[in-house]
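**Student:** Starting off with a structure, shown below.
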Amino acid sequence: MMGPAHSLSGAAAWLGVGAAAAAAGHPMPWPVLVCGALICAGAALAPDLDHKSATISRAFGPLSRMLCEVVDAISHAVYKATKMRGDSNRNGGHRTLTHTWVWAVLVGGGMSLLAMQGGRWAVLGILFVHMVLAIEGLLWRAARVSSDVLVWLLGAASAWILAGVLDQPGNGASWLFTEPGQQYLWLGLPVVLGALVHDIGDALTVSGCPILWPIPIGRKRWYPVGPPKGMRFKAGSWVELKVLMPLFMVLGGLGGLGALGYI
């Protein structure tokens, strides 16, 4: 799928988690709901770090473009080193390593560890990166015609405000994980969810997605998981734009209302 649909699906997924948590008797504080939805929207773009033409490659200027080239090379090397006889030969690493559950868990776990051990500046850094990505994904039309500096300033301001709100007692720094030293441990959860939602979205497209790697399926280790071919669609097609994106907005709205106790 394209960047805007990925971001919308990520935000909707976290709002759905918020509704489920409320129904289970463990409602999220509203800052966790809002912050998590934005992080998840940003994280839902991150698996395309292996693609130099993706939204994330433009998000941070030359730095993100260079990082995309590095991740693409690493992903391609991992693909070649682990592929089985049934896996095809490839010239690049797109939709390989970064589109697996292993990558999602490792990145999310790394973010949680960084947030716990790195203190306020680490939290601000995590928020800043994901706020910029959320802006690029959710407000893509405005972001495309705005300068990068303006997007970065908006991301930095959002990160600063959200970090300040979360730091207030009862606002969510210790949501879900309440032991001493576990503040912000939960920040990795929307990162994991965003990556997995991205993979599921790509699995619906024509090429499928090797989300289950390194589990072998038949003669392939990089098996492109997806529904029957007749149910798949091309990225950017009318199905994505006219059906899925409106559906994500409706589901996100319902999830948000459920998380806040209105339904």
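**Student:** What is the packing order of peptides 95-103, 120-128, 188-196, taking the mean over residues of other C-beta atoms within 10 Å and listing the highest first?
**Tutor:** My ranking of the peptides, most packed first, is 188-196, 95-103, 120-128.
**Student:** Once the dipole of the stretch 2-260 is set up with Lys and Arg at +1 and Asp and Glu at -1 on Cβ about the Cα centre, which of Val151, Ile217, His130 lies farthest towards its positive end?
**Tutor:** Farthest along the dipole direction, towards plus: Ile217.
**Student:** Another question, if that's okay. Once the piece of chain linking Trp160 and Gln117 is laid out straight, how much longer is it, given 0.36 nm per residue of separation minus the C-alpha distance between them?
**Tutor:** Additional length available on full extension: 13.6 nm.
**Student:** Starting from the Cα gyration tensor of the stretch 112-232, take the square roots of the eigenvalues, sort them a ≥ b ≥ c, and report rounded, prolate or oblate (rounded when a/c is under 1.5, otherwise prolate if a/b is larger than b/c, else oblate).
**Tutor:** It is oblate, given that a/c is not under 1.5 and a/b is not larger than b/c.
**Student:** Another question about this same structure. Only one of the values (1) 15.9; (2) 14.7; (3) 18.2 was calculated from this structure for mean projected area of the Cα convex hull in nm²; name its label.
**Tutor:** (2)
**Student:** From the backbone phi of the stretch 162-178, what are the Karplus-calculated ³J(HN,Hα) couplings (6.51 cos²θ - 1.76 cosθ + 1.60, θ = phi - 60°) in whole Hz, Gly and Pro given as x?
**Tutor:** 3J(HN,Hα) across the stretch 162-178, in whole Hz: 5, 4, x, 5, 5, 5, 5, x, x, 9, x, 4, 10, 4, 6, 10, 10.
**Student:** Turning to a different aspect of this structure: Measuring from label point to label point, each 7 Å out along Cα→Cβ, what is the Leu260 to Leu67 span in nm?
**Tutor:** So the label points at Leu260 and Leu67 sit 3.2 nm apart.
**Student:** I've got another one for you. In debye, nearest 20, what is the charge dipole magnitude of the stretch 2-260 about its Cα centre with +1 on Lys and Arg Cβ and -1 on Asp and Glu Cβ, if you could check?
**Tutor:** 960 debye
**Student:** Quick one: which residues, 5+ away or cross-chain, put their amide H under 5 Å from the amide H of Val225? H built at 1.01 Å from N.
**Tutor:** Amide H to amide H, under 5 Å and 5 or more residues apart or across chains, Val225 pairs with Cys209, Ile211, Leu212.
**Student:** If you don't mind, another one. Mind checking the per residue accessible area of the stretch 2-260 for me, 1.4 Å probe, whole number of Å²?
**Tutor:** Averaged over the residues of the stretch 2-260, the accessible area is 48 Å².
**Student:** Can you list the lysines whose alpha carbon is less than 30 Å from that of Lys220, not counting same-chain residues fewer than 8 positions off?
**Tutor:** Within the straight-line limit of under 30 Å, Lys220 reaches these lysines: Lys52, Lys80, Lys83, Lys229, Lys234.
**Student:** Over the chain, what percent of the accessible surface lies on carbon and sulfur atoms, probe 1.4 Å?
**Tutor:** Roughly 69 percent of what the probe reaches on the chain is carbon or sulfur.
The values are calculated or read from the model by the stated rules, or taken from the named source; none is laboratory data. Since the structure is predicted, the reported quantities are computational estimates derived from the model, not experimental observations. All Cβ positions, even for glycine, are placed from backbone atoms using ideal geometry, and neighbour counts span all protein chains on display. When the accessible area is computed, the model is the full protein with side chains, heavy atoms only, and any ligands, DNA or RNA have been set aside. Shrake-Rupley method; radii C 1.70, N 1.55, O 1.52, S 1.80 Å.
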